[in-house]
Amino acid sequence: MKFSSRLWPMWGRSAAYVLVPLLLYVMGRQTEVVGGAQRLLLTTGLFNPALTPAARLVPNKQADYSLPLLTLEGKPTSLGALRGKVVFLNLWATWCPPCVAEMPGIQHLYEQLKTEPKIAFVLLSLDQNPDKARRFVARRGFTMPAYTLNGNLPAAFETGSIPTTFIISPTGEIVARHEGMADYDRPEVARLLRRLQTAAVK
């Protein structure tokens, strides 16, 4: 069978779409391959976050500021260091494809809001090995504040699945919670965070 030379670019692109994910899969990057595919699903708008009032989901709506954190540089801290701020808290792991899928959207949301003085982001990796989270964040070029767990996860943040996202008001109330992957790079999410910040200033 003879192929026109004009068809080679098309065949080359088609082969790349198949071979690149296959190569990443063979190299042990299965999570990122699946996460990339799920990222495409997020662009459909079918996974917009249902920012359900937390009162319907958890008996205790108050955040637990004792949540022990460790920065990716190894510095211990806690959620209490962010008391008085609006906190976007996302529980994730490097082995979780839906977590990987939603992180670029969270990164973009962070870039829009990082100069807001009363809004903080906490991307909390639940990986047992902190080095995995550190390498993942560096490899993907994420700049949003990422942490690992430095103790036990308080009951206020327990969840049956990840990713799970909590939005905490400056007074410590869990005002919204979403389980499962979602596209947070949406105007209504930024508006909610800014509105909570403004209410705190007043």
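When the surface is traced with a 1.4 Å probe over the full set of protein chains, residue 198 keeps roughly 70 Å² accessible.
Which of the aspartates and glutamates could a cross-linker bridge to residue 118, judged by Cα under 16 Å and excluding same-chain residues fewer than eight apart? Cα-Cα hits under 16 Å: 173.
Accessible surface for residue 194 stands near 90 Å², nearest 10, in the context of the full protein assembly shown (1.4 Å probe).
For the stretch 67-185, what number results from the quotient of the Cα radius of gyration and 2.2 N^0.38 Å?
That ratio works out to 0.96.
Each Lys or Arg adds one and each Asp or Glu takes one away; over the other residues whose Cβ falls under 13 Å from the Cβ of residue 164, this sums to -2.
The values are calculated or read from the model by the stated rules, or taken from the named source; none is laboratory data. In this text, all values refer to a predicted model and were calculated from it rather than measured experimentally. We place every Cβ from the backbone using ideal geometry, glycine too, and count neighbours over all the protein chains shown. These area figures cover heavy atoms from the full protein model, side chains too; ligands, DNA and RNA do not enter into them. Shrake-Rupley method; radii C 1.70, N 1.55, O 1.52, S 1.80 Å.
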